[in-house]
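Taking it in order: structure first as structure tokens, then the write-up.
The values are calculated or read from the model by the stated rules, or taken from the named source; none is laboratory data. Source: prediction; values computed, not measured. Glycine gets a Cβ as well: all are built from the backbone with ideal geometry, and neighbour counts include every protein chain shown. Please note that ligands, DNA and RNA were not included when accessible areas were found on the heavy atoms of the full protein model with its side chains. Shrake-Rupley method; radii C 1.70, N 1.55, O 1.52, S 1.80 Å.
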Amino acid sequence: MQLDIRYPMGFLFGSLGLIITAYGALTNHLTLGININLWWGLVLVVFGVIMLLLARAGSAKQNNNNPKP
Amino acid sequence: MNIQLHRVDYLILIVYFAFVLGIGWALKKFMKSSSDFFLSGRAIPAWICGLAFISANLGAQEVIGMAASGAKYGIMTSHFYWVGAIPAMVFVGVFMMPFYYGSKARSVPEYLKLRFDEKTRTFNALSFAFMTVFSSGISMYALAKLFELLLGWNFHVSIIISAIIVLVYIYLGGLTSAIYNEVLQFFLIVLGFLPLVLLGMKDVGGWHALVNKLSGVAVSNGFAPGTWTQSWSHTGAASANPMGVEWFGVFMGLGFVLSFGYWCTDFLVVQRAMAADSMSSARRTPLIAAVPKMLFPALVILPGMIAIGLHASKGGFIPLGTDGKPDFNMVIPAMLVKYFPPGMLGLGLTALMASFMSGMAGNVTAFNTVWTYDIYQSHINPNKSDSHYLKVGHVITVVGIVISIGCAYLASAFNNIMDMLQLVFGFVNAPLFATFLLGMFWKRSTGHGAFWGLIAGTAAAGLHWALTVPMGATHWIKGGCLAHLHVYPVEMAQNFWAAIYAWTVCFVATIVISLATARTKTDNELTGLVYSLTPKIVDHHEPWYKRPATIGAIVMAAVVILNIIFW
């Protein structure tokens, strides 16, 4: 594979999540009694971290399969 | 309706597009041959191809249009998924992909050349190339129009910016860039719209409260109470449901002809599977895509049902159109404004924009491949070096975007021209699956049979349109310009039956003409192209979850269960 898409995906959703979470913590805006920015921002951060962990695991597996001479 | 964006919303938009362009830039160094640019070097893993397969189809029409249909027709809209997509996706993965991928064809029209002859390929390539740039232009126009309406953005600026972004990332990274960005767009759309559904369900009071509200909607529209929440119970007669179609029209017109015609023969989606890194991955691509596709009604139809439920009980939820009736196309924007504060609003609007762009990019990558391989290399300038065709691919990507911009402006100036073109493309597409079905599963079908069968099927669709009309039609473009032999309750029923007639005429004509003409391809030449002449794929060594037949059976069982639950 030319580029592991999980790296940019992890960084993208992680950074979007951090922006939204921080904004939610600052503004404390409630929708139907929920601070949706804060909570959904955290969901995005967790999703981003999972993607980065999967990408790292994928890279390690590939290195084990193709060790450098 | 005017939405005010805050700085945080613009920041989210900018971060997303920086990543989109960054992916194109990162892939630039890998584009060394025409195969890299047009086919991703056939090196993409199954899960990425699968998500791109569904995302290429996840354009704005899906997100905005299906929510609008959810409000208008209720759960019956799920027929476009559970009947009109999943069975065809399973069929193409299990039965057809071995021929597309195994034949080493670089495009769907090229398969037609290998299986039949040059004239059949050229007919398909030309109609497909026109259709893709036109569709890309329509996506561009819809994006600019919506964002002008919602945000007050300048129409021309929206068109130019969206065109430049799509052009840059496809020009730099080819099909791989489009596929990678489609995966990004898939997750963005899911993560951007899922909280909308969750908040909507909380607002409406849960599923049972929604069912109660929708019973009132059904009764007030003159239908039985369960019409908005039951998908099959009211299809005994066309007049018993808001969609205006009966079960046979749904099953044959949508579920067989239109659905198989799109998912099994449209190069826009098949190209994603042809980029896979192995035969097994190519076959699993549509099957992997079928899993989220099956669950998508919860993401795109449910918001429409919630909106009409709340509109009926509280009033004023859906903005009114110029005719004073609810404008169902504004369901998603209305929900974004109601439920999302600044921050989440930026995420939701970015997801909406991504859905428009995935539609544009998918069409442009399919267009540049078909143009370069099936038109330019075959008819204009054959026998050139690979680097020459790579250059042509880059140039034609720019040309494709420029033509798309032209189509977008054409759409803004002449709505009827757009309707007319879409109508003609419908005529051409309807019979296509009959040609592929006979080509892959009947070795006696000939090039003459395929070509004239397609022409006959297209003519049948045109004739059906000229002789029938949907109820209440006031413009000639809706049909009936020769006579009114039959009046359909709604336009959708007319489309379903046009497809049934076109497919049947093409199927019969191809068989008759094939039997009357001599075969030009030997059994040897058809190996890998026709089912009976191709060695069967043995996948017993694969674990069960990697066997296409097993995955296909599980997906079909799940879709039957969903149909029963919402019967």
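A few points about this structure:
- Region B:484-529, residues that are in a loop (DSSP other than H, G, I, E, B) and without any contact (Cβ under 8 Å) to a residue 40 or more places away in the chain: B:484, B:485, B:522, B:524, B:525, B:527
- Where helices (runs of 4 or more DSSP H) fall entirely within region B:160-278, those with at least 2 residues that are without any contact (Cβ under 8 Å) to a residue 24 or more places away in the chain and more than 18 Å from the chain's Cα centre (by Cα) are at B:207-220.
Residue-by-condition table, conditions (1) modelled with pLDDT under 95; (2) within 11 Å of another protein chain (Cβ to nearest Cβ); (3) under 16 Å from residue B:45 (Cβ atoms):
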| position | (1), (2), (3) |
| --- | --- |
| A:2 | yes, yes, yes |
| A:5 | yes, yes, yes |
| A:10 | no, yes, no |
| A:20 | no, yes, no |
| A:26 | yes, yes, no |
| A:49 | no, no, no |
| A:58 | yes, yes, yes |
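- Residue count, region B:58-74 (criterion: open to solvent by less than 10 Å² (accessible area, probe 1.4 Å) and more than 15 Å from the chain's Cα centre (by Cα)): 5
- The criterion of at least 2 residues that are out of contact with any Gly (no Cβ under 9 Å at 6 or more places or on another chain) and over 30 Å from residue B:449 (Cβ atoms) is met, among helices (runs of 4 or more DSSP H) falling completely within region B:37-154, by B:46-55, B:79-82, B:118-151.
- Some residue of region B:360-377 being at pLDDT below 90, surrounded by fewer than 24 Cβ atoms within 10 Å (Cβ to Cβ) and of a type outside the set (Phe, Trp, Tyr): no
- Residue B:149 touching a residue at least 12 places away in the same chain (Cβ under 8 Å), surrounded by fewer than 18 Cβ atoms within 10 Å (Cβ to Cβ), aliphatic (A, V, I, L, M) and out of contact with any helix residue (DSSP H, G or I) (no Cβ under 6 Å at 6 or more places or on another chain): yes
- Exactly one residue among B:320, B:390, B:423, B:410 is surrounded by fewer than 21 Cβ atoms within 10 Å (Cβ to Cβ) and without any contact (Cβ under 8 Å) to a residue 12 or more places away in the chain, and that residue is B:320.
- Output for region B:269-286, where each listed residue is more than 14 Å from chain A (Cβ to nearest Cβ) and surrounded by fewer than 23 Cβ atoms within 10 Å (Cβ to Cβ): B:279, B:280
- Residue B:356 meets all of the listed conditions (1) modelled with pLDDT of 90 or more; (2) in contact with a Leu (Cβ under 8 Å, 6 or more places away or on another chain); (3) aromatic (Phe, Trp, Tyr) but one, namely (1).
- Of the residues examined, residue B:206 is not one that is away from chain A (no Cβ under 14 Å) and surrounded by fewer than 22 Cβ atoms within 10 Å (Cβ to Cβ).
- Conditions (1) open to solvent by 80 Å² or more (accessible area, probe 1.4 Å); (2) of a type outside the set (Ser, Thr, Tyr); (3) farther than 22 Å from residue B:255 by Cβ: number failed by residue B:479: (1)
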